[in-house]
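See below for the structure under consideration.
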Amino acid sequence: MLKVGVRTIGRGFASFAHNGRVLSSTTGTSEPQTSGKRLQGVQELRRIVNSEPNAGVAWDQVWKQKVTPWVQATSAPALLELIEQNQLPGGRALVPGCGHGNDVFALAEPGKRTVIGLDISPTVIAQCEKTREERNIPKESAQFLSADFFTYAPAKSFNVIYDYTFLGALPANLHSAWASQMHKLLDDSGELVTVIFPVDGHEGGPPYAMSPEQTINLLTPLGFRCIHLRPVTKAHKGRENIEWLGRWKKSQ
Ligand SMILES: C[S@@+](CC[C@H](N)C(=O)[O-])C[C@H]1O[C@@H](n2cnc3c(N)ncnc32)[C@H](O)[C@@H]1O
């Protein structure tokens, strides 16, 4: 049986026993691996999100003003690898906080998987729909919805849910609600995939720093079972060593 445990060894350092192997991540004390230009973008992003209490209004401003320092041209290599290796369940998939929608398009496989991209910003959802039309991707494969993740109540649960920089965009007071909503939305036999980024210990947000132990602490009390948790083997350029892949199932 696969077991994951967390042990804090000293300030800012945690070790993970994963299937008997000890892995580690620095937390809290490491220098942010942030270039000057990205840092400026992150500061502006924080300013917009912190100055507007309504998350929908704030994030819509972020997308309207194109203050999106986290955006990459493609999905995370770790997700693309899971898809290429056919490791993820088919059926219904959800990408909450989908942003520009790359991950929705990557997961959408006609005949295998229908994907819903959900985002609180109507501006970015309109962009996603335009991209879908430009790429001739059928609506049955990739659907977009402008809604708040926390009040989203679909008729059916999901076989796969993918989170990349969504949890990291939420303030800490919403983290346990994030975990409960993930639990509610995931089918009993489904899989939650989290690409945890940035594991660099910087303070403040958003985007907030993330850590593997934080994700464990949120998910395991709800009965999520970790089936994989380790640094990604391939990362976006500049994100090497600060991205971890987590895969989670519901205990049954
Ligand atoms: C840091 S971005 C990540 C976007 C995308 N996952 C990516 O990797 O590029 C966070 C996204 O979450 C969306 N968001 C924030 N709060 C949300 C909420 N409560 N419900 C749905 N989407 C939300 C924002 O509009 C934004 O697109």
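Values as computed for the structure displayed
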quantity: Residue match in region 96-104 (condition: touching a Leu at 6+ places or on another chain (Cβ under 8 Å) and charged (D, E, K, R)); calculated: yes
quantity: Leading residue by the ranking (farthest from Pro89 (Cα to Cα)) among those in region 107-123 that are buried (at least 20 other Cβ atoms within 10 Å of the Cβ) and among the small types (Gly, Ala, Ser); calculated: Ser121
quantity: Some residue of region 124-140 being surrounded by 22 or more Cβ atoms within 10 Å (Cβ to Cβ) and either away from the ligand (no atom under 12 Å from the Cβ) or closer than 18 Å to Lys184 by Cβ (or both); calculated: no
quantity: Candidate set: region 81-105, residues that are in a loop (DSSP other than H, G, I, E, B) and of a type in the set (A, V, I, L, M, F, W, C); chosen: the one nearest to the ligand (Cβ to nearest atom); calculated: Cys98
quantity: Number of the exception - Ser75 against (1) assigned to a loop (DSSP other than H, G, I, E, B); (2) more than 11 Å from the ligand (Cβ to nearest atom); calculated: (2)
quantity: Residue ID - farthest from Lys249 (Cα to Cα), chosen from residues in region 141-160 that are within 12 Å of the ligand (Cβ to nearest atom) and in a strand (DSSP E or B); calculated: Ser146
quantity: Complete set of residues in region 161-193 that are of a type in the set (D, E, K, R) and either outside any strand (DSSP E or B) or within 16 Å of Gly97 (Cβ to Cβ) (or both); calculated: Asp163, Lys184
quantity: Residue in region 60-67 that is surrounded by fewer than 17 Cβ atoms within 10 Å (Cβ to Cβ) and over 21 Å from Arg47 (Cβ atoms) present; calculated: no
quantity: The listed residue being farther than 27 Å from Ala55 by Cα, at pLDDT 95 or above and touching a strand residue (DSSP E or B) at 6+ places or on another chain (Cβ under 8 Å), out of Arg132, Arg113; calculated: Arg113
quantity: Residue that is nearest to the ligand (Cβ to nearest atom) [pool: residues in region 188-210 that are at pLDDT 90 or above and closer than 22 Å to Glu240 by Cβ]; calculated: Val195
quantity: Residue among Ile137, Ile161 that is aliphatic (A, V, I, L, M) and under 18 Å from the mean Cα position of the chain (by Cα); calculated: Ile161
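For (1) surrounded by fewer than 16 Cβ atoms within 10 Å (Cβ to Cβ); (2) among the β-branched types (Val, Ile, Thr); (3) touching a Phe, Trp or Tyr at 6+ places or on another chain (Cβ under 9 Å), each residue gets a yes or a no:
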{"site": "Phe158", "(1), (2), (3)": "no, no, no"}
{"site": "Asp163", "(1), (2), (3)": "no, no, yes"}
{"site": "Asn173", "(1), (2), (3)": "yes, no, no"}
{"site": "Glu191", "(1), (2), (3)": "no, no, yes"}
{"site": "Val199", "(1), (2), (3)": "no, yes, yes"}
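Matching residues to (1) within 16 Å of the ligand (Cβ to nearest atom); (2) modelled with pLDDT under 50; (3) farther than 30 Å from Asp119 by Cβ:
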residue: Arg7; (1), (2), (3): no, yes, yes
residue: Ser25; (1), (2), (3): no, yes, no
residue: Gly56; (1), (2), (3): yes, no, no
residue: Thr68; (1), (2), (3): yes, no, no
residue: Leu79; (1), (2), (3): yes, no, no
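The values are calculated or read from the model by the stated rules, or taken from the named source; none is laboratory data. Bear in mind the structure is a predicted one, so any value in this text is a computation, not a measurement. When we count neighbours, we look across all protein chains shown, and the Cβ atoms used for this are built from the backbone with ideal geometry, even at glycine.
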